[in-house]
1. In this structure, is A:K236 within 12 Å of another protein chain (Cβ to nearest Cβ) and either more than 25 Å from A:K164 (Cβ to Cβ) or among the aliphatic types (A, V, I, L, M) (or both)?
2. So which residues in the range B:96-121 are among the β-branched types (V, I, T) and more than 14 Å from every other protein chain (Cβ to nearest Cβ), if there are any at all?
3. Give me a count of the residues in the range B:356-375 that are over 30 Å from the mean Cα position of the chain (by Cα) and either outside the structural domain of B:I400 (by TED's automatic domain parsing) or surrounded by 21 or more Cβ atoms within 10 Å (Cβ to Cβ) (or both).
4. Looking at the range B:97-114, can you tell me whether even one residue there is of a type in the set (F, W, Y) and in a strand (DSSP E or B)?
5. Out of the residues in the range B:30-73 meeting the condition of being free of Cβ contacts under 8 Å to residues at least 60 places away in the same chain, within 30 Å of B:Q178 (Cβ to Cβ) and not hydroxyl-bearing (S, T, Y), tell me which one is surrounded by the fewest Cβ atoms within 10 Å (Cβ to Cβ).
6. Under the condition of being closer than 15 Å to B:T223 by Cβ and either among the polar types (S, T, N, Q) or outside the structural domain of B:T96 (by TED's automatic domain parsing) (or both), which residue from the range B:143-170 is surrounded by the fewest Cβ atoms within 10 Å (Cβ to Cβ)?
7. Only one of A:I230, A:I183 is modelled with pLDDT of 90 or more and not aromatic (F, W, Y); which?
Amino acid sequence: MEQQTTLLYDGSFDGFLCCIYMIYDEKIKNPFIRRESEKSQQLFENIEYVTTEKQKSKRVWQGFILKTTRKQQLDIFKTFLSEIKGVENTLFKYIQTVFNDNTKYLTDYGNKDILKISQVAKMVGREKHRMEAFVRFVLTKDNIYIATVTPDFNVLPLIIPHFKDRYADQKWVIYDVKRNYGIFYDLKTVETITMDYFSKLNHSISKEAYADKENSFQELWYTYYKNVNITSRKNKKLHHQHLPKRYWKYLTEKRKDL
Amino acid sequence: MSFERIREKLSILADAAKYDVSCASSGGKRKNSSKGLGNNTGMGICHSYTEDGRCVSLLKILLTNHCIYDCAYCVTRKSNDIKRAAFKIQEVVDLTINFYRRNYIEGLFLSSGIFKNADFTMERLVAVAKKLRLEENFNGYIHLKSIPGASDELMREAGLYADRLSVNIEIPTVSGLQLLAPDKKHEDFIKPMEKVKNEIIQYKAEKKIIKSTPRYAPAGQSTQMIIGATGESDQEIMYSATYYYKKFNMRRVYYSGYIPVLEDNRLPAIETEVPILRENRLYQTDWLLRFYGFSVNEIFNKDHKNLDLDIDPKLGWALRNLHEFPIDINTADKRMLARIPGIGMQSVSKILQARRFRKLDWSHLKAIGIALNRAQYFIVCNSKDFYKKELSPITLKNIIIKSTHSKYKKHFSQQLSLFT
Ligand code: SF4
């Protein structure tokens with residue numbers, strides 16, 4: 001077998017697509033794609049550094065779009081955002097299938113790579129859905145609605161359209177404190193930002209920054225949540241299944257201090 | 001507004017509304033085209049869950065819990081000695097908007113006790129929805145309760161602003177209704193349903209010709225039945241449900257296990273347990289009817305008036321119809337695949353797609369995610385290895401129950417031991 005070539009890239013989706021570009025351009029026979037920040041398992045590696053260039057990634061993506069459905073494109077993007085170690089290589093095989101004009105095999109759920117992508121995409125989709133549900137905005141004195149989150153996968157890029165459409169008439173920020181970046185909507189467009197305000201230790205907006213009635217509405221929501229409960233139907237297991245504990249810290253209705 | 005007073009009202013009027021189990025916020029599409037507030041994508045979102053595991057998606061409250069009626073099963077009834085409260089229209093609007101902006105909810109579900117008369121009450125519910133739509137430019141979800149006996153004109157207006165309308169039939173049989181809500185007439189429930197159905201049909205017809213026809217209740221209508229208050233059989237309940245689905249084009253029928261809240265000799269005693277398991281089986285049956293191609297008389301007949309509590313209704317059907325099995329995964333049509341215990345509709349479509357490429361064996365089926373512990377006894381696939389023994393329904397049932405970890409096990413461990 002030919003020696004393996006490791007392609008190192010910056011971790012972005014564009015960077016990943018540039019790896020694909022290079023594989024085809026330089027006819028690399030046995031590639032292995034890895035993000036720079038990930039530790040290597042091997043002692044000796046034949047390493048290629050891939051630089052991210054917009055035109056190259058664009059060409060690959062446009063080629064891919066021509067041969068695939070919208071759902072398949074989304075599945076690829078979602079699977080990439082899972083950040084699962086080595087997932088780039090499963091994705092590469094999928095993309096190869098497409099470029100070999102074998103798109104009809106993409107619904108072959110008996111094939112383990114295809115099945116895996118459909119399953120991972122589903123997991124990421126579930127996390128996206130959870131973020132759309134569990135984001136809790138706090139209105140600040142600057143008249144911006146701010147929420148902090150720590151999603152299991154890097155799903156902020158996926159939730160932009162939903163929040164942009166829904167909260168079109170208010171300024172908002174959703175900040176991923178784990179990955180240290182956020183998305184900010186300024187009534188016109190959504191942009192990526194980083195904020196020094198948040199750190200590993202400081203996950204939320206302090207009360208001093210709250211707008212006038214913010215605390216009252218949090219308390220009202222808390223009151224509401226308490227009163228819709230039906231004690232005679234209590235089912236803790238089901239509760240935790242739907243609302244896993246790791247999400248509680250961002251839910252106003254689950255906060256202890258109210 | 002005085003915060004403390006609002007908080008008190010909210011706790012009373014949320015508490016009184018919680019027995020209505022509907023929380024759906026799906027089905028109605030409403031775009032945010034004017035850069036206003038909110039949208040409705042047609043996919044409901046549960047923003048939280050109660051400790052009993054129910055979805056919290058809407059601000060679900062009563063406008064007031066003052067009521068002139070005395071329905072036996074209802075906490076709000078006139079003769080019950082409880083605290084009463086009433087929201088002002090603007091208060092409900094403010095709560096809805098402020099909760100929505102913080103991403104707590106998908107919208108509002110507003111119901112009410114009946115004060116003065118049906119129209120007086122309905123008028124106020126409509127006023128809230130109208131304000132939200134026209135003054136606040138709100139495109140989130142609105143579900144209004146249709147007050148039994150409300151006039152056609154008000155029902156027409158309600159549908160212009162609400163996504164969904166519902167009248168809860170509450171008691172599945174007419175005789176039960178007479179017993180528990182003697183001053184309510186069955187026709188009063190039917191009338192608003194009929195009106196809403198006709199308006200929807202008319203809207204759809206006009207829409208084809210005139211594009212600008214104002215939308216009418218895009219998420220349709222739903223109803224709810226209380227289960228276990230009057231001794232009706234599962235068969236009666238599901239026949240009623242089928243009737244409402246067909247006759248009034250209901251989007252959903254909800255089944256709500258009766259929660260004893262009042263002492264009344266017409267009703268189950270106050271310490272009676274909520275029939276949660278039975279409720280769950282009814283929902284499963286509802287799914288079989290709506291999505292799996294079953295018809296109601298396949299599931300019930302004169303010897304089988306109630307669902308099994310210890311197994312799901314599809315398995316129950318399969319055990320009564322063993323002559324239809326085993327089914328060949330690689331050749332069976334969609335309809336039959338959907339009838340195999342342990343296989344959901346998603347798996348059915350995966351199987352249909354995957355088998356175009358190769359014959360499927362056990363490992364494929366496992367990877368696709370079907371529940372083999374139930375399905376294996378009912379299928380053959382590309383393998384010589386399959387379940388060959390002739391078994392009686394009762395033995396098979398016990399084997400399957402033993403291999404399944406049901407969250408409801410504690411409810412029927414006793415029954416189980418009778419068979420082993
Ligand atoms: S009319 Fe409605 S609110 Fe009033 S007692 Fe009957 S069910 Fe309850």
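1. Details: within 12 Å of another protein chain (Cβ to nearest Cβ): yes; either more than 25 Å from A:K164 (Cβ to Cβ) or among the aliphatic types (A, V, I, L, M) (or both): yes.
Considered against the rule, which asks whether it is within 12 Å of another protein chain (Cβ to nearest Cβ) and either more than 25 Å from A:K164 (Cβ to Cβ) or among the aliphatic types (A, V, I, L, M) (or both), A:K236 comes out as yes.
2. Start the filter on the range B:96-121 by keeping residues that are among the β-branched types (V, I, T), which leaves B:96-97, B:105, B:114, B:121.
Across the range B:96-121, the qualifying residues are B:I114, B:T121.
3. Here is the first cut: in the range B:356-375, the ones over 30 Å from the mean Cα position of the chain (by Cα) are B:356-367.
Narrowing further to those that are either outside the structural domain of B:I400 (by TED's automatic domain parsing) or surrounded by 21 or more Cβ atoms within 10 Å (Cβ to Cβ) (or both): B:360, B:364-365.
Adding up the residues that qualify gives 3.
4. To start, the set of residues in the range B:97-114 that are of a type in the set (F, W, Y) comprises B:99-100, B:104, B:109.
Next, only the ones that are in a strand (DSSP E or B) stay: B:109.
Yes - at least one qualifying residue is present in the range B:97-114.
5. Per the stated criteria, the residue is B:I68.
6. B:N168
7. Values: A:I230 fails: modelled with pLDDT of 90 or more.
When all the criteria are applied, what remains is A:I183.
For (1) modelled with pLDDT of 90 or more; (2) closer than 30 Å to B:W362 by Cα; (3) small (G, A, S), each residue gets a yes or a no:
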{"position": "A:G11", "(1), (2), (3)": "yes, no, yes"}
{"position": "A:Y21", "(1), (2), (3)": "yes, no, no"}
{"position": "A:P31", "(1), (2), (3)": "yes, no, no"}
{"position": "A:R34", "(1), (2), (3)": "yes, no, no"}
{"position": "A:K58", "(1), (2), (3)": "yes, no, no"}
{"position": "A:D101", "(1), (2), (3)": "no, yes, no"}
{"position": "A:D108", "(1), (2), (3)": "no, yes, no"}
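The values are calculated or read from the model by the stated rules, or taken from the named source; none is laboratory data. Nothing here was measured: the structure is a model prediction, and the numbers come from that model. Note that each Cβ is placed from the backbone with ideal geometry, even for glycine, and that neighbours are counted across all protein chains shown.
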